[in-house]
Every structure is written in C-alpha cells, then in structure tokens.
Amino acid sequence: MALSVPGTAATTLPGSCHELSTALVTGANKGIGWHIARQLAEAGLTVLVGSRDPGRGAEAAARIGGDPARPLVLDVTDGAGIAAAAAGVERLDILVNNAGVMVDGATAPEASVESFRRTYETNVFGALAVTNAFLPALRRSAHPRIVNISSGTGSLGWSAGEEFPSAGGAAYRSSKAALNALTIFYARALPEFRVNALAPGLRRTDLAPRAASAAAGDPAEAAAAAVRLATLPDDGPTGGFYSWDGTPAAW
C-alpha cells in the first residue's frame, strides 16, 4: 500500500485541530527533526521541540516562531530526564522518535562493542524509553500516533540485496533494524495507535559525511513524509515501514 506524501500537513489532520493538538519530536533542534517540528507547527499543532541542549532547543523553537513551538529539554539517554519531561506533558497526540546517532561507519569485524553500545543507547533504548514514558499522555489522545525515524540502510532485505551492498555502518544500520522491530511490536501491542517507521532517504544533515554530499536530498522533503505518517486517519496503516515517497520499504 503506497501512501501519498503531500508537501505540507495542513490537509492531512484527522478530525479537527482541536482533536490533534500536541506533538513531540525528539532530536528536533536540527536536521530532519527540526523540519518535522516546523511543519507540524505550521499545521496548527503545539510542538514540543525536544533537544538535549537547552540553548539549542530554545533557538530551534524560536526559529520556528510563534507560540506553537516550545522547547523541551530531553536527552533520550537520560532516564531521569525523560521521566521529568514526561511528567510535565498531560496529553500527547503525536510522538516522533527522531533522535539518532551514527558513531562510526565501521563494519562488524572492525567495530568495537562500545560503538555498538553508544549507538543502541540512543537509537534503540532511547526510543524505547521515551515511548514508554510518554505512553500515559499518548493514551489520553483520541488519535495517538508514533513515528520512528528509521533508515533504508537498516532494511535487512535491502542489505542482503543490491540496494545497500556495503557492510559499513554496522552499528547504525543494525540499530535501525532493531527500531523497525520495535515498530512492529508497538503496533501489535497498541492496536488503537498508528505506529509506523520511516526511511527518510539520504538527506543533507550532519549525521555522517555522506549526508553532507551534493547527492543528499532536502531534509524538508523527508519531514513531509514523517508528518504524513504522524497525521494518518484512524483507518490508516499501522506497523509499517515506508520510504519517504510513500512506498513500502523492505524489512
């Protein structure tokens, strides 16, 4: 099933803006996360701009402008900080687990256990911890949505085929495969939610040197795809993995 991916979220909100009012985007002070927060704010939602650094989070929210964007100090590797942030949010309609790191591009034989631990701490355990901490707030929404920002390089099918034949980035890519698995598990455990993962494609960000190349695409384009998944109607798909253009991605 392909999903249409409009340029903005303005016409994709299920119900009224009063029904879908608050979103949280982790790692939203830059890159794809900032564009997701901006587009959700432009759609009329109050957006919590998650950032580890208070100053950068405040600056990112200010760049979005207006009351809809509010900074939220949130380090996804800090359990106590996550709990404190969640305690201040009564209701949440959308959670976008965007925060992610790529520690190095090593292959599995070259990689250190420490690089895997650091990568999984943010990309997998962080998403798990944030999601579980904010579940009470999400359960108070009439239209709860979770979007996990994954990667096409985390696809086992594509990695075993010709799409991504390189063995590099083993820690990052396997962490995204694990995040995809969590997407399925949450969708099955929470049938009243819409929970999906997105492969945003190579975008101009500071995630890795390759992402800064001329071949990398506009992060706003990937953000629009994330917003589409974040604002699915109640009969929309759940437990899926989609490319930025709306086509299903291989697990």
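The values are calculated or read from the model by the stated rules, or taken from the named source; none is laboratory data. Predicted, not measured: the structure shown is a model, and the values here were computed from it. No Cβ is skipped: glycine too gets one built from the backbone with ideal geometry, and neighbour counts run over all protein chains shown. Calculation scope for accessible area: heavy atoms of the full protein, side chains included, ligands and nucleic acids excluded. Shrake-Rupley method; radii C 1.70, N 1.55, O 1.52, S 1.80 Å.
Over the stretch 84-128, the fraction of Cα-Cα pairs per 10 Å bin, rounded to whole percents and listed from the shortest bin up, is 23, 39, 22, 13, 3. For the chain, carbon and sulfur atoms together expose 56% of the accessible surface, with a 1.4 angstrom probe and every protein chain in place. Amide H to amide H distances under 5 Å link TYR242 with ALA197, LEU198, ALA199, ALA249, where only residues 5 or more positions off or on other chains count and H is placed in the peptide plane. For ALA62 and ALA142, a Förster radius of 35 Å and the Cβ-Cβ distance give a FRET efficiency of 0.70, rounded to the nearest 0.05.
Distance distribution P(r), the chain, all Cα-Cα pairs, bin width 10 angstrom from 0: 8, 34, 40, 16, 2, 0 percent.
Helix-only estimate, please: 222 nm mean residue ellipticity of the chain, summing -39500 (n - 2.57) across DSSP H runs of length 4 or more and dividing by its residues, to the nearest 500.
Values: 8 runs with 90 residues, N = 251.
Helix contribution divided over all residues of the chain: -11000 deg cm²/dmol.
Springs join every pair of Cα atoms under 10 Å in this Gaussian network model of the chain, and among VAL47, VAL101, VAL113 the largest mean-square fluctuation is at VAL113.
Quick one: ranking ASP104, ASP234 by accessible area, 1.4 Å probe, largest first, what do you get?
Details: ASP104 55, ASP234 85 Å².
So the residues, ranked largest to smallest area, are ASP234, ASP104.
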